[in-house]
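The block underneath contains the structure these notes are about, expressed in structure tokens.
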Amino acid sequence: MKIAVDGFGGDNAPQAVVQGAMDALRADPKLEIVLTGKVKDMRILTGEETFGGRLTMREADDVISCEEVPTLAIRTKKTSSLVVALDLVANGEADGVVSAGSTGAVLIGATLKVGRIKGVERPALAPALPTVKGGNVILCDCGANVDCKPSYLVGFARMASAYQKGVFGVKEPRVGLLNNGAESTKGNAFSVEAYKLLSECADIHFVGNVEARYILSGDVDVVVADGFDGNIALKSAEGTANAVFSMLKEEIMSSFRSKIGALLLKPAFRNLKKKVDYNEHGGAAFLGVKKPVVKAHGSSKAKSICGAILQVRDMIRGNVCEMVYPEKENG
């Protein structure tokens, strides 16, 4: 199994990317990684370590920035680290790809070069979020498709369900529709039509509407939404978590008594922070393309890059792409 990694994508590249790749190789002795980017710069960071030939590099002398128009950049910057990584997957030289670079460029590039799975109307971004019951919930879509048709959400449900089955071993993922109420008639015309289509889909386990406050409850395994609402829900959750930690820190520092109490609770706080820290969970899977693609956060550190690489590994092992529409040919 070989995974292509965009060596110069992200705010902390190439240092964090190279270190994350080496950490992933240490974690899995059967894994192979090819880093794309300026080989001379990356080679300095590895200290000439090749992990028995499992770490290779491919020259790419350009970088796609977040300020560039994604479609134009993918088409014109053929020697960029992202395009070279995607080409490796498209040509069958790698089995999946990780990038912390421009989100738009990763999504456009993966769709154009790797290609959509037959039957998928729109690929979608799907992060795995921690729940209060200890598992995770897949939020799909969280930003790839701002304007959606109700039928897209059926595809999102199928893709995210395949992800839960293949990677996390959930036999019958429970699918909920993000809405402003639990009743089937709640929401706008889009939500009502999406509810109807999801209810009629025999190969997903649809359990009804889910309000935003229950996304992390653990009562569902998949929450589907259009990319606009899904992105707002995701960023609201992230912002709320950050705000709570900031307020908690302020309260802890407010008195000697609270500082003593916090010292006793330090292990619990550390575990909680670990659960909600995106650096611990890799990135968002881009579901609906023919090979596993994971978009890591732009500010990812080595730990997150390592997690994203192992995330792609698990998607390959779990045959996630093949399970979306197994009755169709997607070679």
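The values are calculated or read from the model by the stated rules, or taken from the named source; none is laboratory data. Here the structure is a predicted model, which is why all the values come from computation and not from measurement. We place every Cβ from the backbone using ideal geometry, glycine too, and count neighbours over all the protein chains shown. Heads up: the accessible areas ignore ligands, DNA and RNA and are worked out on the full protein's heavy atoms, side chains in. Shrake-Rupley method; radii C 1.70, N 1.55, O 1.52, S 1.80 Å.
Go through the residues of the stretch 186-204 one by one and say whether even a single one is at pLDDT below 95 and under 24 Å from residue 241 (Cα atoms).
The answer is no, given that none of the residues of the stretch 186-204 is at pLDDT below 95 and under 24 Å from residue 241 (Cα atoms).
Return the residue satisfying two criteria in turn: it lies in the stretch 13-28 and is modelled with pLDDT of 95 or more and not in a helix (DSSP H, G or I), and of such residues it is surrounded by the most Cβ atoms within 10 Å (Cβ to Cβ). Steps first, answer last, please.
Taking the stretch 13-28 first, the residues modelled with pLDDT of 95 or more are 14-28.
Subset that is not in a helix (DSSP H, G or I): 14, 28.
Details: 14: 22, 28: 15.
So the residue we want is 14.
Filter the helices (runs of 4 or more DSSP H) completely within the stretch 213-313 down to those with at least 2 residues that are modelled with pLDDT of 90 or more. Lay out the reasoning, then the answer.
Working: elements: 227-252, 256-264, 266-276.
Because the criterion is at least 2 residues that are modelled with pLDDT of 90 or more, the helices (runs of 4 or more DSSP H) in the stretch 213-313 that meet it are 227-252.
Select, from 17, 5, 63, the only residue that is among the hydrophobic types (A, V, I, L, M, F, W, C) and closer than 16 Å to residue 93 by Cβ. It would help to see each step written out before you state the result.
Details: 17 fails: closer than 16 Å to residue 93 by Cβ; 63 fails: closer than 16 Å to residue 93 by Cβ.
The conditions single out 5.
Is there a residue in the stretch 151-172 that is open to solvent by 10 Å² or more (accessible area, probe 1.4 Å) and in contact with a His (Cβ under 6 Å, 6 or more places away or on another chain)?
Step one: of the stretch 151-172, the residues open to solvent by 10 Å² or more (accessible area, probe 1.4 Å) are 151-152, 154-155, 158, 165-172.
Keeping just the survivors that are in contact with a His (Cβ under 6 Å, 6 or more places away or on another chain) gives 172.
Yes, the stretch 151-172 has at least one match.
Any residue in the stretch 130-152 that is farther than 18 Å from residue 237 by Cβ sitting within a Cβ distance under 7 Å of a residue that is assigned to a loop (DSSP other than H, G, I, E, B) and open to solvent by 40 Å² or more (accessible area, probe 1.4 Å)? List the pairs, counting only those 6 or more apart or interchain.
145/122; 151/121; 152/121; 152/122
Within the stretch 31-52, how many residues turn out to be crowded, with 16+ Cβ neighbours inside 10 Å and in a loop (DSSP other than H, G, I, E, B)? Give the derivation first.
Within the stretch 31-52, the first condition is being crowded, with 16+ Cβ neighbours inside 10 Å, and the residues that meet it are 31-39, 42, 45-46, 51.
Cutting the leftovers down to in a loop (DSSP other than H, G, I, E, B) gives us 31, 38, 51.
The qualifying residues number 3.
What number of residues within the stretch 91-143 satisfy the criterion of being of a type in the set (Lys, Arg) and within 28 Å of residue 18 (Cβ to Cβ)? Break it down into steps so the answer makes sense when it comes.
Initially, the stretch 91-143 is screened for residues of a type in the set (Lys, Arg), giving 113, 116, 118, 122, 133.
Among the residues that remain, those that are also within 28 Å of residue 18 (Cβ to Cβ) are: 113.
Going through the stretch 91-143 one residue at a time, the tally reaches 1.
With the requirement that a residue be of a type in the set (Asp, Glu), open to solvent by less than 70 Å² (accessible area, probe 1.4 Å) and farther than 12 Å from residue 104 by Cα, what does the stretch 57-93 give you? Give the derivation first.
Residues of the stretch 57-93 that are of a type in the set (Asp, Glu), as a first pass: 59, 61-62, 67-68, 87, 93.
Cutting the leftovers down to open to solvent by less than 70 Å² (accessible area, probe 1.4 Å) gives us 62, 68, 87.
Passing the criteria: 62, 87.
Of everything in the stretch 230-243, what is under 18 Å from residue 159 (Cα atoms) and either in contact with a helix residue (DSSP H, G or I) (Cβ under 9 Å, 6 or more places away or on another chain) or open to solvent by less than 30 Å² (accessible area, probe 1.4 Å) (or both)? Give them in sequence order. Quick ask: steps written out before the conclusion?
Here is the first cut: in the stretch 230-243, the residues under 18 Å from residue 159 (Cα atoms) are 230-231.
Scanning the stretch 230-243 gives a single hit, 230.
Among the numbered criteria (1) open to solvent by 20 Å² or more (accessible area, probe 1.4 Å); (2) at negative phi; (3) not β-branched (Val, Ile, Thr), which one does residue 143 miss?
Tallying (1) open to solvent by 20 Å² or more (accessible area, probe 1.4 Å); (2) at negative phi; (3) not β-branched (Val, Ile, Thr), residue 143 fails exactly one: (2).
From (1) modelled with pLDDT of 95 or more; (2) in contact with a Lys or Arg (Cβ under 8 Å, 6 or more places away or on another chain), pick out the condition that doesn't hold for residue 176.
(2)
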